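A.B. asks: Dropping a structure here in structure tokens format, bear with me for questions.
The values are calculated or read from the model by the stated rules, or taken from the named source; none is laboratory data. Predicted model, so just to flag it, every value in this text is computed and none were measured. A quick note on method: Cβ atoms are made from the backbone with ideal geometry, for glycine too, and the neighbour counts reach across all protein chains shown. Just the protein is used for accessible areas: all its heavy atoms, side chains included, with ligands, DNA and RNA removed. Shrake-Rupley method; radii C 1.70, N 1.55, O 1.52, S 1.80 Å.
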Amino acid sequence: MIQLDINGKQQSLDVPGETPLLWTLRDEMGLTGTKFGCGMALCGACTVHLDGQAVRSCLTPISAAANKKVVTIEGVGTDAVGKALQAAWVDVGVPQCGYCQAGQIMSAAALLKRTPKPTDAQIDEAMSGNICRCGTYTRIRAAVKQAATKQGGTR
């Protein structure tokens, strides 16, 4: 049994330790907001937080998440940063197809939690590992800046 804290709820899972966190979340927990993109940790669609750090769940074995806090897109809106980002995403109209947006928001939330007043360069760097096939990068940056401002940040 592997013990996890997923979105603030303690879970005991009976899965092989090498099972990717992504598939555990989707198939075992029914948390389908985290998306499968490339399976090689290159696109960012599967981004979740593991003890506050943005990680690619497609290559993270469930054993690496044992006894740690996992936050998915379903749980990111439970704090002020997540709520501000979700509101900004809607306000700015970021999504086009929407497939990558969960991973985008998760990366943005990790950024704002460690750097509440990010510069454009810091936003671009933090978001560079997330691919948006629709090319909504300028709207993503605008939404991150808006969320930071509402949290008392930005430079």
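A.B. asks: From the residues in the range 90-102 that are modelled with pLDDT of 95 or more and among the small types (Gly, Ala, Ser), which one is least open to solvent (accessible area, probe 1.4 Å)?
C.D. replies: Among residues in the range 90-102 that are modelled with pLDDT of 95 or more and among the small types (Gly, Ala, Ser), the one least open to solvent (accessible area, probe 1.4 Å) is Ala102.
A.B. asks: Something else: Mind checking whether some residue in the range 80-89 is in contact with a His (Cβ under 9 Å, 6 or more places away or on another chain) and surrounded by fewer than 16 Cβ atoms within 10 Å (Cβ to Cβ)? Give the derivation first.
C.D. replies: Here is the first cut: in the range 80-89, the ones in contact with a His (Cβ under 9 Å, 6 or more places away or on another chain) are none.
No, because not a single residue in the range 80-89 is in contact with a His (Cβ under 9 Å, 6 or more places away or on another chain) and surrounded by fewer than 16 Cβ atoms within 10 Å (Cβ to Cβ).
A.B. asks: Moving on. Residues that are crowded, with 16+ Cβ neighbours inside 10 Å and either touching a His at 6+ places or on another chain (Cβ under 7 Å) or modelled with pLDDT of 95 or more (or both): which strands (runs of 3 or more DSSP E) entirely in the range 1-69 hold 1 or more of them?
C.D. replies: Numbers: elements: 2-6, 9-13, 47-50, 53-56.
Filter on the range 1-69 gives 2-6, 47-50, 53-56.
A.B. asks: Given the structure, is Ser63 under 25 Å from Gln11 (Cα atoms), in contact (Cβ under 8 Å) with a residue 24 or more places away in the chain, in contact with a strand residue (DSSP E or B) (Cβ under 6 Å, 6 or more places away or on another chain) and not aliphatic (A, V, I, L, M)?
C.D. replies: On the way: under 25 Å from Gln11 (Cα atoms): yes; in contact (Cβ under 8 Å) with a residue 24 or more places away in the chain: yes; in contact with a strand residue (DSSP E or B) (Cβ under 6 Å, 6 or more places away or on another chain): no; not aliphatic (A, V, I, L, M): yes.
No: the conditions fail for Ser63.
A.B. asks: What tally of residues in the range 134-151 results from selecting those that are among the polar types (S, T, N, Q) and surrounded by 15 or more Cβ atoms within 10 Å (Cβ to Cβ)?
C.D. replies: Result for the range 134-151: 3.
A.B. asks: Still on this model: Determine which member of the set Ile131, Ile73, Ile105 is surrounded by 15 or more Cβ atoms within 10 Å (Cβ to Cβ), of a type in the set (Val, Ile, Thr), touching a residue at least 60 places away in the same chain (Cβ under 8 Å) and not in a strand (DSSP E or B). Working first, answer last.
C.D. replies: On the way: Ile73 fails: touching a residue at least 60 places away in the same chain (Cβ under 8 Å); Ile105 fails: touching a residue at least 60 places away in the same chain (Cβ under 8 Å).
Just one listed residue meets the conditions, Ile131.
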